[in-house]
Structures are given as C-alpha cells and as structure tokens.
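These notes concern the structure reproduced below.
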Amino acid sequence: MLFDVLDTMEWYIPLYPLMRQVIGIMDRSLPHDDEPGQYLVDGIKYEVLSYANGKDAEIQQAREDQMHIVLEGEELISLQEDKDPSVVLIATEGRFVIFKAGEYYKSSLQVGSSNVVKKVVFTLTQPQS
C-alpha cells in the first residue's frame, strides 16, 4: 500500500506508467463530473463510486494494482493482514491510496459522523496483449 498527496503523482510514473493518463484524466476533472459507473478513457479503466460510509465494510482484495482517490467526503481505509488491520488511514480530498494486486483492504469506513463519499478507483495494471 502507498499513501500520498495528489501533487506527487508524477513521482510514481516510473513505477506505474499509466499514472500519466491518470494525471491527464484528473486534470480534466472527468471523474468529478462523471456519474457512478465504469469508464475507459485514454486506455485506462476507472470506476466512479458514490456511497454513504458506514461501519460494515467488507474485506476486499485488489485484483489489479488500484489507485483510490476520494473526490468528496472522507473515509477510513485499512490495509488488512490476517483479517486484522495493519495500517489505518483517513482518505480525504487531495490524497490517494495505491493497493498492489493481491493486497486485502477495507474502505468506506466511517470517520466521525457519517457522510457521503464520492471516489474514483483507477486500474494501474497494463492490459496484457
């Protein structure tokens, strides 16, 4: 798991070449304007999600390298190891989280009072040809 601010996304282009497309998509504010759903833009897949955060989040496994960016609201996200959280962070606007393929995590956990979260999840794995 990697947690950083949006201003540093360019630093990660050597690790994730698709980060260049993510930066272009975010610069155009496309996910902010998109309705919840799945999209394919500039050769990169992303999903826009909108939900009320809560306490009953399920453990998920990243099938591919994923980048989570909260567009509105805030949520707790935890990296899970053996069903227990090993790292817990507050995802807010202006920050991103990257999960490597195979990592387990929980998201949409409540921070303080409940709120609605809008976020985008980019797939950072190159398609296999």
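The values are calculated or read from the model by the stated rules, or taken from the named source; none is laboratory data. Predicted model, so just to flag it, every value in this text is computed and none were measured. Counting neighbours? That spans all protein chains shown, and the Cβs are built from the backbone with ideal geometry, glycine included.
Worth a mention:
- All conditions but one from (1) modelled with pLDDT under 95; (2) at positive phi apply to GLY37; the one that does not is (1).
- In the stretch 86-110, the residues that are at negative phi and surrounded by fewer than 16 Cβ atoms within 10 Å (Cβ to Cβ): SER86, VAL87, VAL88, LEU89, ILE90, THR92, GLU93, LYS100, ALA101
- From the options TYR39, TYR12, residue that is touching a Phe, Trp or Tyr at 6+ places or on another chain (Cβ under 6 Å) and surrounded by 15 or more Cβ atoms within 10 Å (Cβ to Cβ): TYR39
- Against the list (1) in contact with an Asp or Glu (Cβ under 7 Å, 6 or more places away or on another chain); (2) hydroxyl-bearing (Ser, Thr, Tyr); (3) in contact (Cβ under 8 Å) with a residue 40 or more places away in the chain, the condition TYR105 fails is (1).
Per-residue answers, yes or no, for (1) within 16 Å of the chain's Cα centre (by Cα); (2) hydroxyl-bearing (Ser, Thr, Tyr); (3) outside any helix (DSSP H, G or I):
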site	(1), (2), (3)
ILE23	yes, no, no
PRO31	yes, no, no
TYR39	yes, yes, yes
LYS45	yes, no, yes
VAL48	yes, no, yes
TYR51	yes, yes, yes
ALA57	yes, no, yes
ARG63	yes, no, yes
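- Residue identified as within 15 Å of PHE3 (Cα to Cα) and modelled with pLDDT under 95 among GLU81, GLU93, GLU72, GLU58: GLU93
- Selected residue (criterion: modelled with the lowest pLDDT) from residues of the stretch 111-129 that are assigned to a strand (DSSP E or B) and surrounded by fewer than 19 Cβ atoms within 10 Å (Cβ to Cβ): VAL116
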